[in-house]
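For reference, the structure discussed in these notes is given below.
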Amino acid sequence: MANGIERPLDLLNNSKGKEVLVYLKGDKQFVGTLMAFDIHINLVLDNVKQMSNGEVTKSLGLTFLRGDTIIYISPASTAL
Amino acid sequence: MANGIERPLDLLNNSKGKEVLVYLKGDKQFVGTLMAFDIHINLVLDNVKQMSNGEVTKSLGLTFLRGDTIIYISPASTAL
Amino acid sequence: MANGIERPLDLLNNSKGKEVLVYLKGDKQFVGTLMAFDIHINLVLDNVKQMSNGEVTKSLGLTFLRGDTIIYISPASTAL
Amino acid sequence: MANGIERPLDLLNNSKGKEVLVYLKGDKQFVGTLMAFDIHINLVLDNVKQMSNGEVTKSLGLTFLRGDTIIYISPASTAL
Amino acid sequence: MANGIERPLDLLNNSKGKEVLVYLKGDKQFVGTLMAFDIHINLVLDNVKQMSNGEVTKSLGLTFLRGDTIIYISPASTAL
Amino acid sequence: MANGIERPLDLLNNSKGKEVLVYLKGDKQFVGTLMAFDIHINLVLDNVKQMSNGEVTKSLGLTFLRGDTIIYISPASTAL
Amino acid sequence: MANGIERPLDLLNNSKGKEVLVYLKGDKQFVGTLMAFDIHINLVLDNVKQMSNGEVTKSLGLTFLRGDTIIYISPASTAL
């Protein structure tokens, strides 16, 4: 668990191609496959679902998320 | 799907000339054709419609959107 | 429409001397003639009218607007 | 009107020694003589009056205003 | 009045050793003797009193104030 | 106690591999094992539990926390 | 009093090893021994107590406080 994580971005790098939970300011939650990220923590997720109380409220497909509004990012396998 | 996306801005580059959904802080939503973007995620959209609950509430035509207020950008074909 | 817009600031450059609608955080709206802008999206507008529900609520003449509070800028010809 | 304004700060430069209306986030309004400004839009005003609904609510004399909280600056001659 | 103020920080420099009124976001007000400032408008004040409706609500002595939360700084002799 | 802490990041460095309490804006609290941090105070925590009133409300496993939303970080041994 | 304070950070340097009161946005208050600080005003405090209305509400021990949320820092000897 958490092998090879020296810097925070290593976790994002390890999560490429995997499903992640992204929690935003204002309590918005998204689940999707992490395709890309940058040092501003801008993300591209694929197959994005917006979630509320464990239910899908919106399907967004491929989406660019600005890093600025993100609180945390958690690989979904460990978050559920 | 999501082919050739190495960095988050690649999705914006791939979406030029296509319709995108832009979701802002304060729950404002816009749909329009992506004409230009920069590294601050400032956008120019054309044929912009402001949306609320799936209805067009305002037509804005060609519009400059400041990146600072953006939460996510989703190509409309995948978001609807 | 949108000819020659490669970067977002190109739209502002094309709009110099024209009337624009500027929408600010906190739902303030201004209409005025765009005189100048910079990379922070600070603007100078002339003949500024503050608008609310389509009515002029205040006449401000020549005004400096800080870019920091701007959500979008739309040439008024396309916004009305 | 607006002659010689190529960049937004030119309006501030032209307004030195003149009365300006400064509108801040949180709907605070000040009127005073612009003495100095910098690229952060920090200002020094003299003979500052805080205004509310067209009435003077406080006299502050010489005052340093942080640019960070400013929404707009309008030469008072054009704003009233 | 306001002699020798070319840049906003000149007012702070002229106010060293003098009593100033500092007004913060969230409507907090402090009065104290300005000891030091930097380009971020971080301040050190001495003999600080927190004020509310013209009454001292707290005595803080020597205090470091982060510039980030400051709205305005006014030499107390002109502000009262 | 606090031996060898010359700069704030030294405490984070000393806490690697240990359980920490992380308190976020909006009163969110997380407890987890600190795996990595950077100069933006972005963190990776493992075995993350979201806490509310001393109870675990959510288990997140391995999680990336953006530094931007953090108020304080306290080694859990000293915080409980 | 306030001898040798040329720049704001000098007060923090003089307060190392001493008890300080730290007041945060959102009206959180902490008292603790200042161990370290940096130019972002990130702090490490030891023996931290969270205070509310003059009562200790939480003991945190050794804690990293992000500078971003700090309003003021006052040596406790002068603040109480």
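The values are calculated or read from the model by the stated rules, or taken from the named source; none is laboratory data. Since this is a predicted model, take the numbers as computed values, not measurements. A quick note on method: Cβ atoms are made from the backbone with ideal geometry, for glycine too, and the neighbour counts reach across all protein chains shown. For the accessible areas, the whole protein counts, side chains as well, though only heavy atoms, and no ligand, DNA or RNA atoms are used. Shrake-Rupley method; radii C 1.70, N 1.55, O 1.52, S 1.80 Å.
Quick notes
- Any hit, the stretch A:64-73, residues being facing chain B (nearest Cβ under 10 Å), assigned to a strand (DSSP E or B) and open to solvent by 70 Å² or more (accessible area, probe 1.4 Å): no
- Scanning the stretch F:1-56 for residues that are touching a Pro at 6+ places or on another chain (Cβ under 8 Å) and charged (D, E, K, R) yields F:LYS18, F:GLU19, F:ASP38.
- F:PHE37, sole failed condition from (1) at the interface with chain G (Cβ under 9 Å from one of its Cβ atoms); (2) farther than 21 Å from A:ASP27 by Cβ; (3) open to solvent by 30 Å² or more (accessible area, probe 1.4 Å); (4) in contact (Cβ under 8 Å) with a residue 24 or more places away in the chain: (1)
- Single residue of B:LEU60, B:LEU12 found to be within 11 Å of the chain's Cα centre (by Cα) and not charged (D, E, K, R): B:LEU12
- Considering residues of the stretch G:13-34 that are closer than 22 Å to E:ALA36 by Cα and of a type in the set (A, V, I, L, M, F, W, C) only, the residue surrounded by the fewest Cβ atoms within 10 Å (Cβ to Cβ): G:LEU24
- Test: A:ILE5 is open to solvent by 10 Å² or more (accessible area, probe 1.4 Å), touching a residue at least 24 places away in the same chain (Cβ under 8 Å) and β-branched (Val, Ile, Thr): no
- Among (1) within 12 Å of the chain's Cα centre (by Cα); (2) in a loop (DSSP other than H, G, I, E, B), the one test that B:GLN50 misses: (2)
- Among (1) surrounded by 17 or more Cβ atoms within 10 Å (Cβ to Cβ); (2) assigned to a strand (DSSP E or B); (3) not β-branched (Val, Ile, Thr), the one test that D:SER59 misses: (1)
- Where B:ASP10 falls short, out of the listed (1) within 11 Å of chain A (Cβ to nearest Cβ); (2) open to solvent by less than 30 Å² (accessible area, probe 1.4 Å); (3) modelled with pLDDT under 95: (3)
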